[in-house]
Amino acid sequence: MGTTRRGPASLPQPIASRSVMVPKPTPKRFYGHGIPGVDLEKLFGKLIVIEGADGSGRSTQIARLVQWLEGCGHATVQVGLKRSTLVSEELERAKQGNILSHITMSLFYATDFADQLENIILPALKAGFMVLADRYIYTLMVRDLVRGMDEAWLKNVYGIALVPDAVFYLNVAPEQLVQRNFQKNHTLDYWESGMDVGLSRDMFDCFLQYQALVEKQFRRLQSTYGFTIVSGERSAEEINAELQEKIEGVLVGK
Ligand SMILES: Nc1ncnc2c1ncn2[C@@H]1O[C@H](COP(=O)(O)OP(=O)(O)OP(=O)(O)O)[C@@H](O)[C@H]1O
Ligand SMILES: [Mg+2]
């Protein structure tokens with residue numbers, strides 16, 4: 001009679017026997033022309049986007065999601081606007097100077113996005129990471145649309161983007177956003193108030209009007225891009241519970 005060989009009891013369990021849910025691969029695609037030479041079938045990770053206005057709670061939610069996902073055994077990577085190695089510093093300087101035309105500024109942001117897509121998002125997805133994006137092409141498009149730029153042109157530029165596995169838009173009323181931004185930063189941001197658009201000389205009034213326009217554009221794009229609108233006016237815990245439930249669905253390939 002043969003004997004079963006067993007290792008010493010103190011050895012850690014083999015990884016395969018731990019309950020790490022391997023994300024079910026689902027087909028990926030680009031919105032348009034994409035990036036040449038990318039094998040979409042080899043992108044095993046998931047791209048989850050959290051969209052929302054300044055102060056809508058994106059960072060709060062992403063921090064919780066990272067903790068939860070990593071606790072479940074998933075490696076995570078975070079990306080966001082103005083975070084590329086290539087142009088983030090230059091982009092910040094351009095914002096301070098406010099001298100670039102809408103088109104140049106738009107292409108500057110597109111460059112920042114493309115650099116992160118090529119050098120962070122795609123390699124991370126290939127390695128099976130969960131990529132959490134703090135805003136994506138939608139904020140960039142919406143900001144430009146509010147400034148009167150051509151939608152077909154923007155769609156063509158952002159045809160480079162990968163279609164995420166899920167996009168959540170944290171919906172918070174402008175009045176609530178003002179309060180949160182004041183609480184956090186003791187001021188409102190020039191650009192997020194749309195001061196360059198000149199809706200009002202009063203920053204507070206401008207912020208309310210501008211954010212209303214932004215929200216309107218987001219809702220318009222929703223039918224094309226299929227965001228899930230999540231009410232951001234509940235407690236951080238409640239919002240996160242909803243996001244976790246929906247992301248679990250993404251992991252099992254729903
Ligand atoms: N669900 C919530 N209810 C009330 N306050 C919240 C909630 N979530 C976040 N906050 C608070 O609102 C402020 C903005 O939150 P947070 O920094 O997460 O938002 P954000 O969308 O990342 O903002 P930013 O655009 O500045 O990066 C913070 O002071 C935070 O503590
Ligand atoms: Mg933030």
Do you know the relative contact order of the chain, to the nearest whole percent, from alpha carbon pairs under 8 angstrom that are 6+ apart?
-> 29
Starting from the Cα coordinates of the chain, work out the convex hull volume and express it per residue in Å³.
-> 168
Once the Cα atoms of helix 203-225 and of the chain are each reduced to a long axis, what angle between those two axes, in degrees from 0 to 90 to the nearest 10, is obtained?
-> 50
Write down the Kirkwood hydrodynamic radius of segment 129-252, to one decimal in angstroms, obtained as one divided by the mean of 1/r over all alpha carbon pairs.
-> 16.0
Per the helix-only calculation at 222 nm, which mean residue ellipticity applies to the chain, given -39500 (n - 2.57) for every DSSP H run of n ≥ 4 and division by its residues, nearest 500 deg cm²/dmol?
-> -14000 deg cm²/dmol
May I have the extent of the alpha carbons of segment 56-197 along their three principal axes, as whole Å values ordered from largest to smallest?
-> 45, 36, 27
Longest principal axis of the chain (C-alpha) makes with the long axis of helix 236-251 (C-alpha) an angle, in degrees to the nearest 10, of 60
Just how many pairs of Lys in the chain have C-alpha atoms closer than 12 Å, counting pairs that are eight or more places apart or on different chains?
-> 9
Compute the separation of the alpha-carbon centres of segment 183-233 and segment 104-126 and state it in Å as a whole number.
-> 23
Would you work out the charge dipole size for the chain about its Cα centre, treating the Cβ of every Lys and Arg as +1 and the Cβ of every Asp and Glu as -1, and quote it to the nearest 20 debye?
-> 960
Taking the Cα centre of segment 65-201 as origin, sum charge times position over the Cβ atoms of Lys and Arg (+1) and Asp and Glu (-1), and report the length of that vector in debye to the nearest 20.
-> 200
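Laboratory data are not the source of any read-out in this text; all were calculated from the coordinates shown. These figures come from a predicted structure and were not determined experimentally. All Cβ positions, glycine included, derive from the backbone under ideal geometry; neighbour counts span all protein chains shown.
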